Amino acid sequence: MAPTMAVSSTDSFDITDFVINKGNGVKGLSDLGIKSLPSQYIQPQEALINIIPQQSIPVVDMSNWDNDPKVAESVCEAAEKFGFFQLVNHGVPLEVLDGVKDATHRFFGLPAEEKRKYTKELSSTNNVRFGTSFSPDAEKALEWKDYLSLFYVSEEKASALWPCACRDEVLEYMKRSQVLCTKLMTALMEKLNVKEIDKTKESLLMGSKRINLNYYPRCPNPQLTVGVGRHSDVSSLTFLLQDEIGGLYVRVNEGKGEEDGWVHVPPIEGSLVINVGDALQILSNGRYKSVEHCVIASGSKNRISIPIFVNPKPNDVIGPLPELINAGEKPKYKNILYSDYVKHFFRKAHDGKKTVAFAEISS
Ligand SMILES: CC(C)(COP(=O)(O)OP(=O)(O)OC[C@H]1O[C@@H](n2cnc3c(N)ncnc32)[C@H](O)[C@@H]1OP(=O)(O)O)[C@@H](O)C(=O)NCCC(=O)NCCSC(=O)/C=C/c1ccc(O)cc1
Ligand SMILES: O=C(O)CCC(=O)C(=O)O
Ligand SMILES: [Fe+2]
């Protein structure tokens, strides 16, 4: 429950201790009713963005997927041109989406002492992590977001280790989105002339999953900070469920000679936002590109979002797929251990698409 005390200044107490160590998160700060943004959250000017109002990312209706090959064609085209698109009529039931959104609110509504049990320091497992911002030790300015990150190993482990406030709904959402995931991957691979997703490819494309529950509380000076800074995901594909508040922006036209800027991803009830991540960029030798995105903070509402990061297995070695190289393409990326790539990503603050350089073959 939100405390009634309205705090005009947070100068008198240790923000890091309150937000990070005590497990209150930025939700705790927001619930205190602070009237101005603590200095730790003030982002440098370059983090703020040039918004292009006229453009948007594609919306693909999947109703006719089985009968009309043009639907898969539009998915592949959206993945190639934009790296980001929304899907409607994708087959994951609305009740499942609503269930996981309710479960997210339930988890973040728990008392700080409960959530604190899942911090890096106290969590009994690396597979469950409650945290705030992205990489607080490495960041010059903190991000206005709390999260619960759940790494899926098996149903048994998830049942035993994930917080019961959200476990069942999150598992259901993961299970019910698997068919969609396989459909999209199959189409994206066919377009690359990869005819079959065998066991090796299944592992590289969707061998592991991480689901994050993101909570962006109402912020006193939203224009001075960010919810999530500019980054690309390190996944192969990300399936993002957002609520009705909005605030996700995607970079368009980078290096294309047109106005480089950011477009809003408007919430569409029942839709899923799909984006290409770095792992698929590397596996496809740059044919599908991961795209920078960021989230602005809201001055009036608490927002949630729930990304499922579909990834290679941590121990997989990723590099351009042999089919592409055998067809004569020059590899743009080295072969690297996927967990090394992810560790490199988590070790630094968000910095656009710079993680990809870790895998690039310098020309
Ligand atoms: C490398 C992993 C993630 C952890 O391996 P570990 O052996 O348990 O290693 P550590 O526990 O030592 O974690 C390495 C570093 O990563 C950090 N980390 C460990 N999980 C986490 C965690 N969920 N969160 C944010 N730091 C973490 C962790 O704090 C640590 O940083 P540091 O303490 O500073 O050395 C391993 O599980 C792994 O390879 N997983 C593969 C699948 C995977 O998780 N892929 C990532 C998909 S996530 C994605 O695409 C985008 C995520 C994202 C997330 C937030 C955003 O704002 C934007 C994007
Ligand atoms: O909250 C969102 O809309 C996007 C979050 C995001 O980009 C991420 O968690 O990687
Ligand atoms: Fe992201």
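For region 27-118, the equivalent ellipsoid derived from the alpha-carbon gyration tensor has semi-axes of 37, 24, 10 Å in decreasing order.
Enter the Cα centre distance for the pair region 146-218 and region 15-88, rounded to the nearest angstrom. If you average the Cα positions of each part, the centres end up 18 Å apart.
Heavy atoms only, probe 1.4 Å: what % of the accessible area of region 34-91 goes to carbon and sulfur, would you let me know?
Looking at region 34-91 in its full context, I get 49 percent from C and S.
Of all DSSP beta bridges in the chain, what percent run antiparallel (nearest 5)? The antiparallel fraction comes to roughly 90 percent.
Please give the residues of region 208-249, grouped as numeric ranges, whose backbone N is less than 12 Å from a label point set 7 Å along the Cα-to-Cβ vector of Ser36. Of the residues in region 208-249, 221 have backbone N under 12 Å from the label point off Ser36.
Given a 1.4 angstrom probe, what's the average accessible area per residue across region 128-217, in square angstrom? Intermediate values should be presented prior to the final figure.
On the way: 3730 Å² over 90 residues.
So region 128-217 comes to 41 Å² accessible per residue, rounded to a whole number.
For region 130-225, the normalised intensity computed at q = 0.21, 0.25 Å⁻¹ comes to -1.04, -1.22 (log10 of I(q)/I(0), Debye sum over alpha carbons, equal scatterers, no solvent).
Please pull out the direction-averaged projected area of the chain, using the convex hull of its alpha-carbon atoms, in nm² to one decimal place.
Working: hull surface 72.7 nm².
The directionally averaged projection comes out at 18.2 nm².
Between Lys81 and Ser135, the simple label model (points 7 Å from Cα in the Cβ direction) yields a spacing of 3.4 nm. Among the lysines of region 238-363, pairs that are 8 or more positions apart or on different chains and have alpha carbons within less than 16 Å of each other number 10.
Ranked by the mean number of other Cβ atoms within 10 Å of their residues, highest first, the peptides 237-249, 278-290 fall in the order 278-290, 237-249. Summing charges over all other residues whose Cβ lies under 13 Å from the Cβ of Trp65, with Lys and Arg as +1 and Asp and Glu as -1, gives -2. Applied to region 50-66, the Karplus parametrisation 6.51 cos²θ - 1.76 cosθ + 1.60 on θ = phi - 60° returns per-residue 3J(HN,Hα) values of 8, 8, 9, x, 7, 9, 8, 8, x, 10, 10, 8, 8, 3, 9, 3, 6 Hz, with x for Gly and Pro. The Cβ shell under 12 Å around Met174 holds other residues with a net charge of +1, Lys and Arg each +1, Asp and Glu each -1.
The count of lysine pairs in region 77-150 with alpha-carbon distances below 22 Å, taking only pairs 8 or more places apart or on different chains, stands at 7. Charged neighbours of Ile245, selected by a Cβ distance under 14 Å, balance to +2 (K, R count +1; D, E count -1). In a DSSP loop and with at most 12 other Cβ atoms within 10 Å, the GluC sites (Glu not before Pro) in region 151-219 are Glu196.
The values are calculated or read from the model by the stated rules, or taken from the named source; none is laboratory data. The structure displayed is predicted, hence computed values, not measured ones. Glycine gets a Cβ as well: all are built from the backbone with ideal geometry, and neighbour counts include every protein chain shown. When the accessible area is computed, the model is the full protein with side chains, heavy atoms only, and any ligands, DNA or RNA have been set aside. Shrake-Rupley method; radii C 1.70, N 1.55, O 1.52, S 1.80 Å.
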